[in-house]
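The values are calculated or read from the model by the stated rules, or taken from the named source; none is laboratory data. Keep in mind the model is a prediction, meaning the values are calculated, not measured. Don't worry about glycine lacking a Cβ; one is built from the backbone with ideal geometry, like all the others, and counts go over all protein chains shown.
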Amino acid sequence: MSRVCLVTGANRGIGLEIARQLSRSGDTVVLAARDLGKAEKAAAGLPGAVPMRLDVGDQASVDALAREVGDRLGRLDVLVNNAAIHYDTWQRADGADLDVVREALDTNLLGAWRVTLAMLPLLRASRHGRVANVSSEIGSLTGMGGGTPAYTVSKTALNALTRMLAAELRRDRILVNAVCPGWVATDMGGPGGRPVAEGAGSVLWAVDLPDGGPTGGFFRDGRPLPW
């Protein structure tokens, strides 16, 4: 059965490729972006893609999207929290601009949290809900060093949120996992990374998990990563 999927930050990069692959598999995809015009341009030519405006940092925008998805589509089967900002390789923790850190946390952590909370009634209506939080191995405490503080801390916190939501939503048959797409050649990742289709495939593994699949894990390409 065709699923209803929402991908945040989907007008470019990994988000767009995830939306493209879901669309090509026959799913209905809400392609969400802060700029509706960019969402509409990205959705052009993708069968089943529904462009919608979403600013994950704005509660009113999140609530409006939840109402629109509910009114137009009636349920949500898959949520991919992909929107992210500030890959701050120019910073160190011992001299970080905390305004940049705050902005990263507001989008990368709280943005995903806002959207998930708003979409929970629709995910519960699915009875087969899947939430994939696009994280990064840079947020793993096991091998963490210095540098890139805003992005790193925000992804570590997103991993913690993943664990909590997975434990609490298991009873609703909603699987929640954090997924690292790897270093991908996108505007954020820069040149030299793996093809964007491979990075998107890593995320789609979590989207396509069967009932009874793993939840509360941290994965890349279907293999567990250390926390």
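Could you go through segment 81-93 and let me know if any residue there is within 22 Å of Leu6 (Cβ to Cβ), surrounded by 19 or more Cβ atoms within 10 Å (Cβ to Cβ) and not aliphatic (A, V, I, L, M).
Taking segment 81-93 as the starting set, the residues that turn out to be within 22 Å of Leu6 (Cβ to Cβ) are 81-85.
Applying the additional criterion that residues be surrounded by 19 or more Cβ atoms within 10 Å (Cβ to Cβ) yields 81-85.
Those still in the list that are not aliphatic (A, V, I, L, M) too: 81-82.
Yes, because at least one residue in segment 81-93 is within 22 Å of Leu6 (Cβ to Cβ), surrounded by 19 or more Cβ atoms within 10 Å (Cβ to Cβ) and not aliphatic (A, V, I, L, M).
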Can you confirm whether segment 150-171 contains a residue that is surrounded by fewer than 21 Cβ atoms within 10 Å (Cβ to Cβ) and either touching a Lys or Arg at 6+ places or on another chain (Cβ under 6 Å) or of a type in the set (Phe, Trp, Tyr) (or both)? no
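If we only count helices (runs of 4 or more DSSP H) wholly inside segment 30-119, which ones have 1 or more residues that are of a type in the set (Val, Ile, Thr) and under 25 Å from Ile138 (Cα atoms)? Don't jump to the end; show me each part of the working.
Working: elements: 36-43, 59-73, 98-104.
Here the list reads 98-104.
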Could you list, in sequence order, the residues of segment 1-27 that are assigned to a loop (DSSP other than H, G, I, E, B), of a type outside the set (Lys, Arg) and closer than 19 Å to Glu40 by Cβ? Thr8, Gly9, Ala10, Asn11, Asp27
If Arg223 satisfies every condition in (1) more than 29 Å from Met52 (Cα to Cα); (2) touching a helix residue (DSSP H, G or I) at 6+ places or on another chain (Cβ under 9 Å); (3) modelled with pLDDT of 95 or more; (4) surrounded by fewer than 20 Cβ atoms within 10 Å (Cβ to Cβ) but one, which is the exception? (2)
Run down Leu120, Leu65 and say which single residue is in contact with a Leu (Cβ under 7 Å, 6 or more places away or on another chain) and modelled with pLDDT of 95 or more. Leu65
Cβ-Cβ distance below 8 Å, separation of 6 or more or different chains: which pairs start in segment 159-184 with a residue that is under 24 Å from Gly13 (Cβ atoms) and part of a loop (DSSP other than H, G, I, E, B) and end on one that is at pLDDT 95 or above and of a type in the set (Lys, Arg)? Cys180/Arg220; Pro181/Arg220; Gly182/Arg220
